[in-house]
Amino acid sequence: MRQRTTLLLIIVCATLMGCCGKSDPELYPTYKPYTRWWWFSSEIDDNDIRDQLIWLRDHEFGGVEIAWIYPMGLDSTTVHPAFLSPEWAAHVNYAKHVTDSLGLGCDFTYGTLWPFSDVDLPDGDQTRNYFDSIEPARRNYTWDYPKEARILNHLDHRAFYRYAAKMNKGLAEAYKGSKSGLFVDSWEVETEYLWTPGFDKRFMHEHGYDIVPYMEQHTLLDKENAEVFYDYMRTMSRYVINEFYLPFAKNAWDKGAFSRAQCGGAPVDLLNAFCVVDVPETEAILYEPPFSKIAASAATMSGTPVVSAETFTCAYGWTSLRYMNGRGHSPYQGKEQIADLKLICDALFANGTNQIIWHGFPFNKVGDTSNFFYTTCQISTSEQNNLSGEALTEFNRYMTRVSRYMRKGKNYSDIAVYMPTEDAWMGGAYPDSVRKVKAFFWGQYEMRFINTPEVLKGYQPLWVNEDIIRKITYLLQTTSKHERRRGRMPDFKGLYIDVEYMDKCALATVLNLAQEGMPICMVRDPKEPGKRKLDKYAEVLKKIRALPNVSNSISIFDAKPLIEGENLPDFWCREECGTYYVFFANPMTQTISYPLPYCYAFTDKGAVRHITVNHHGKSEPYTLQFEPMQSILLKINKRGIKQIDLGFVPKKIEK
């Protein structure tokens with residue numbers, strides 16, 4: 001209980017007081033897209049650093065995230081400074097100095113490649129499964145290739161701080177100047193039978209039975225043991241937050257930096273993990289665009305203004321790094337169509353993202369294209385490539401304009417939706433038919449394909465969990481309606497629950513919220529997950545059902561949705577001092593998935609949607625006329641509805 005209370009206090013404080021950097025105006029103040037900047041292991045020329053940064057500034061980028069990776073072509077004879085050495089640090093420090101002088105931001109991937117690994121990682125600090133195999137800890141393609149690194153144990157804060165001490169020493173001078181983000185990518189660590197010393201004792205303390213037999217007999221993932229796996233995930237989630245994400249975020253704050261994290265793929269309660277960091281990050285389209293609602297919901301609840309996205313990764317598909325003799329090459333790399341990429345970024349904007357991080361920009365001499373990253377849409381200083389020149393500049397300006405509007409005020413929402421985390425943890429493995437990246441994609445706990453209910457779409461619903469419901473109850477008890485409206489968190493008009501399973505603690509929290517008078521639509525009676533049941537579960541459920549403000553129908557919600565209409569497009573709304581800014585993504589964005597067909601955007605024939613906007617005490621009809629490849633931004637206030645010209649029409653690039 002102490003761990004849950006600690007996390008709750010962090011979330012509440014972040015919202016009410018803006019602590020832990022959550023409301024820091026220094027986080028991406030220009031709204032311009034950043035790019036991941038791939039530094040291939042090699043000798044680095046400071047003149048090239050400056051030339052590339054000037055080029056990026058001139059093409060309307062807001063900053064870079066430096067990522068240190070393997071030598072191009074996996075050439076083991078490539079001469080390079082050792083990772084974190086003084087020579088290496090001198091180039092990094094110079095890059096930070098130049099970004100500051102040019103008005104650019106500069107973030108750092110907190111290690112070489114991903115996830116965090118080290119060629120000199122102390123024995124015992126590596127990740128492991130229960131069977132103590134060293135295979136899950138191997139990482140080959142780092143800056144110091146061909147030396148083999150070992151992946152950090154993400155379930156041991158002491159191991160993290162030993163790792164961080166080395167990183168902080170190497171980045172000590174680079175922390176100076178403007179505030180930098182420290183970045184951790186998605187959780188690409190083997191998670192089947194994930195383990196750390198002491199897990200068995202903590203599990204026994206929390207659940208009252210022994211997890212070891214299920215590990216030893218290799219039956220934890222069997223369907224008949226779904227309740228055991230659920231208990232395993234509850235314990236694992238606390239490990240991941242308390243031993244990794246909290247230390248990662250605290251370490252950044254202590255160094256005058258901020259934390260940015262993709263929590264996707266982690267065996268964790270995703271909302272809680274995203275709430276911990278300063279900038280929650282999503283990804284598309286390896287993750288479906290609606291996945292970003294999880295990060296956006298967490299940002300709303302924790303008070304952080306920025307939700308970033310690693311954008312355009314593997315847009316047209318994926319090929320192995322080993323392809324082309326270790327050089328790799330994404331499909332259509334260099335021939336990417338900006339119109340296609342606009343579909344992806346518009347889909348992200350309509351699901352809560354407001355800061356684009358390009359993936360990405362390989363380190364090259366200006367005009368050269370020798371280096372390229374194998375899964376990226378390649379930004380290039382050579383106009384032989386499509387993502388260059390004026391077309392790229394105009395696209396960046398477009399994304400900057402939308403990002404600026406999507407960071408005004410606060411996220412609007414009328415309805416909170418209970419996220420089906422328990423269902424996912426009870427669900428076990430995805431069927432093979434839905435797996436795309438088999439190496440790190442197996443469990444339903446990743447929640448890659450969930451979306452808020454279509455019936456609630458016009459309310460712009462946001463995800464909540466047990467801790468956030470407790471926070472909502474706290475705010476109802478301690479603040480006035482006026483104060484809640486002035487805060488960053490939405491003044492929810494109801495809670496929607498449609499899950500098969502709900503934890504007993506969550507159910508008790510729902511009861512408390514219902515007793516405070518919150519309208520609740522509980523579509524069906526949930527069941528209790530986990531191996532050990534609560535005798536009073538049915539009694540608590542009966543108390544909830546007996547309250548007059550609880551129903552199995554959405555008619556319990558007295559308020560009209562902000563947007564009404566048939567076949568609504570995806571949209572996102574920000575509210576600032578009584579004015580709404582609503583971004584409606586082109587309906588084509590609802591049809592994109594991985595991999596995107598080449599030139600797919602040019603099949604768009606346009607669309608019309610008739611909507612009603614319920615605002616400022618009136619209902620106003622409006623027609624959304626989507627021209628081909630266009631999205632729509634509306635400004636809505638007491639005076640009426642105005643469409644804002646976004647001023648960008650992508651053209652087909654013929655090269």
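No value in this document is a laboratory result; all are computed from the given coordinates. Everything numeric in this text was worked out from a predicted model, so none of it was measured. For neighbour counting, all protein chains shown are included, and Cβ atoms are generated from backbone atoms with ideal geometry for every residue, glycine included.
A few points about this structure:
- Neighbour-count order for 243, 390, fewest beta carbons within 10 angstrom listed first: 390, 243
- Electrostatic tally near residue 549: other residues with Cβ closer than 13 Å to its Cβ, Lys and Arg +1, Asp and Glu -1, net +1.
- When you filter the trypsin sites (Lys or Arg not before Pro) in the range 451-559 for DSSP loop state and at most 10 other Cβ atoms inside 10 Å of their Cβ, you are left with 524.
- Net charge contributed by nearby residues that have their C-beta within less than 14 Å of residue 197 (K/R +1, D/E -1): -2
- Set of the range 447-477 residues, backbone N closer than 18 Å to the point 7 Å along the Cα-Cβ line of residue 547: 464-477
- The ranking of 151, 54 from fewest to most other beta carbons within 10 Å of each one's beta carbon is 54, 151.
- Each 10 Å bin, from zero up to the one with the longest distance, holds this percent of the alpha carbon pairs of the chain: 3, 16, 27, 27, 18, 8, 1, 0.
- Fully extended contour minus Cα-Cα distance, from residue 635 to residue 393, at 0.36 nm per residue: 84.6 nm
- Evaluating kT/(6 pi eta Rh) at 25 °C and 0.890 mPa s, with the Kirkwood radius of the range 564-655 over Cα pairs in the Stokes-Einstein relation, gives 168 µm² s⁻¹.
- Alpha-carbon Rg with Dmax, taken over the range 410-556, Å: 16.4, 50
- Fraction of antiparallel bridges per DSSP, the chain only, in percent to nearest 5: 45 percent
- Order of 283, 173 under a 10 Å beta carbon neighbour criterion, fewest first: 173, 283
- For the chain, adding -39500 (n - 2.57) for each run of n ≥ 4 DSSP H residues and dividing by the number of residues yields -9000 deg cm²/dmol at 222 nm.
- Taking each of 410/457; 527/618; 179/410; 493/642; 293/493; 342/655 in turn, the alpha-carbon distance tops 29 angstrom for 527/618.
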